[in-house]
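> Structure provided below as structure tokens; questions to follow.
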Amino acid sequence: MKILFLGGNELSLRLVEFLKGVGEEVIYTEERIDLEFVRTIDPEFIVSYNYKHIIPKEVVRSYYPRIINLHISFLPYNKGYYPNVWSFLEDTPKGVSIHIVDEGVDTGPILLQKEVFIDEEKETLRSSYLKLHEEIQRLFKENWDKIKNMEIKPFRQHGGGQDTTNENTTSLNPLSEKRDGIHPSESLKRNIELGSVLLKNFVNLKEEEINMVRRWRNHPEVRKWMYTDHEITEEEHRNFIESLKHNRRDFYYLVYKEGKPIGVLYLNRVDFRNLNAYFGMYANPEEKIPFTGLTLGKSIIILAFEVAKLHTLKLEVIEDNQRAIDLYKRMGFKEEGRLREFVFKDGRWKDIIVMGMIKGEVSLKG
């Protein structure tokens, strides 16, 4: 049988070798395809595994149902990009699925699937990723004859999560997806949509946005509440943003509300093992926009507890920043302690108040 194999890495090539070993003729590609390309090959069957591109609808229509995809999630959970990591972030069932490709993204009828137990105390994201690939390759090899002869009755998916095919943006949804052994910090480096609010990660900022954020950070109304209140130079600012590209613990976002930039928020010292982090935020100091504080507060709560799936969130605030303290209390944060005479500002030593919240304690009145 002539097979067009759409792959993406060395794991794909293992199955190519298997298919050749059982006598199949295999044409392999990792490139984006179109209907004209496929017709020149004239395959009898198409297999997609770790393929990085969306298969054109024209190809799907022409070859359905003799076109399948191997996906390392327990569909309908975790469709789209990076299913392994999202299964940890969203706490969804873990497993593997082989399904017929339809015009959606990982939405086609399922031929075979297997739920896989992952011991989160012992497995890393990388080891769990490899384990899932071992399982899906085993499932494919054991059933290849039945698959190609269309002897398996498919069943339709019901429920599940969102399409995460835009690699730079994650939308808030009870279920989301795809990952392949990538550290969970990578999901937080995307831009994140929370309804009408967009959190644009600093690593994705355009030139004018980079300059705007530096201008805000150097504004007197922002600087006076920061530990370091010197004026940030352009070089210092750019070096900081560049460092975030390789940072797995600190995540900064420029926040837009209905297309208007309203402020900055960030998660710091994120501990993915113990599911805790610190956060900070400041409003656009150049334009007073009503309810910006609450919008930023709600956004950080959703980011921390719904997107990053943290258990505990903490903050540090200078003792005389009463306006911020009042807002944090409205959000449900409780004072947990003090760092006595921790910073020197305005000619004297000042305490830092430590406040915290555990998931489920959210208030956000008003």
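> Distance from the Cα centre of the range 271-332 to that of the range 22-79, in angstrom?
44
> In the range 244-366, what is the count of Lys pairs whose alpha carbons are under 21 Å apart, counting only pairs at least 8 residues apart or on separate chains?
Close lysine pairs found across the range 244-366: 26.
> Within 10 Å, count the other beta carbons around each residue, average over each peptide in 9-18, 46-55, and list them highest first.
By packing density, highest mean first, the sequence is 46-55, 9-18.
> Once a ≥ b ≥ c are taken as the square roots of the eigenvalues of the Cα gyration tensor of the range 210-315, is the result rounded (a/c under 1.5), prolate (a/b larger than b/c) or oblate (a/b not larger than b/c)?
Oblate.
> With r as the distance between the Cβ atoms of Phe117 and Ile289 and R0 = 51 Å, compute the FRET efficiency 1/(1 + (r/R0)^6) and round to 0.05.
That gives a FRET efficiency of 0.60.
> Which value at 222 nm does the chain reach when only helices count, each DSSP H run of 4 or more adding -39,500 (n - 2.57), with the total divided by all residues and rounded to the nearest 500 deg cm²/dmol?
-8500 deg cm²/dmol
> Is the range 266-366 rounded, prolate or oblate when judged by the Cα gyration tensor, a ≥ b ≥ c being the square roots of its eigenvalues, rounded requiring a/c under 1.5 and prolate requiring a/b larger than b/c?
Judged from the Cα gyration tensor, the range 266-366 comes out oblate (a/c at least 1.5, b/c at or above a/b).
> Between Glu58 and Lys334, what FRET efficiency follows from the Cβ-Cβ distance if R0 is 41 Å, with the result rounded to 0.05?
Taking R0 as 41 Å, the efficiency between Glu58 and Lys334 is 0.10.
> State whether the range 283-338 is rounded, prolate or oblate according to the following rule on the C-alpha gyration tensor (a ≥ b ≥ c being the square roots of its eigenvalues): a/c under 1.5 gives rounded; otherwise a/b larger than b/c gives prolate, and the remaining case gives oblate.
Cα axes put the range 283-338 in the oblate bin.
> Shifting gears a bit: Report the accessible area of His311, computed with a 1.4 Å probe over the heavy atoms of all protein chains in place, in Å² rounded to the nearest 10.
Accessible area of His311: about 100 Å².
> Can you give me the distance in nm between label points at Met1 and Arg156, each placed 7 Å from the Cα along the Cα-to-Cβ direction?
So the label points at Met1 and Arg156 sit 2.5 nm apart.
> Along the Cα-to-Cβ line of Arg39, 7 Å from the Cα, sits a label point; which residues in the range 51-82 have backbone N less than 14 Å from it?
In the range 51-82, the label zone of Arg39 (backbone N under 14 Å from the point 7 Å along Cα→Cβ) covers 58-63.
> On to the next question. Compute the relative contact order of the chain as a whole-number percentage, counting only Cα pairs closer than 8 Å that sit 6 or more residues apart in sequence.
With pairs under 8 Å counted, the relative contact order is 10 percent.
> Taking the alpha-carbon distance from Lys57 and a cut-off under 19 Å, which lysines remain once sequence neighbours fewer than 8 residues away in the same chain are dropped?
Lys79
> Normalised by the number of residues in the range 247-366, what is the relative contact order in percent for Cα pairs under 8 Å and 6+ residues apart?
20
> Roughly speaking, what is the stretch gain from Glu207 to Glu341, that is 0.36 nm per residue apart minus the C-alpha to C-alpha distance, in nm to one decimal?
Between Glu207 and Glu341, full extension yields an extra 44.4 nm.
> Could you work out the Rg to Rh ratio of the chain, with Rh taken as the Kirkwood radius (inverse of the mean 1/r over all Cα pairs)?
Here Rg/Rh amounts to 1.07.
> Relative to the longest principal Cα axis of the chain, at what angle does helix 234-244 sit, 0 to 90 degrees, rounded to 10?
On a 0 to 90 degree scale, this one is about 40.
> For a quick protection proxy, order the peptides 293-303, 199-209 by their average other-Cβ count within 10 Å, most packed first.
293-303, 199-209
The values are calculated or read from the model by the stated rules, or taken from the named source; none is laboratory data. Computed from a prediction, not measured in an experiment: that's the story for all the values here. Every residue, glycine as well, gets a Cβ built from its backbone with ideal geometry; the counts of neighbours run over all protein chains shown. Areas reflect the complete protein model, heavy atoms only, side chains present, ligands, DNA and RNA absent. Shrake-Rupley method; radii C 1.70, N 1.55, O 1.52, S 1.80 Å.
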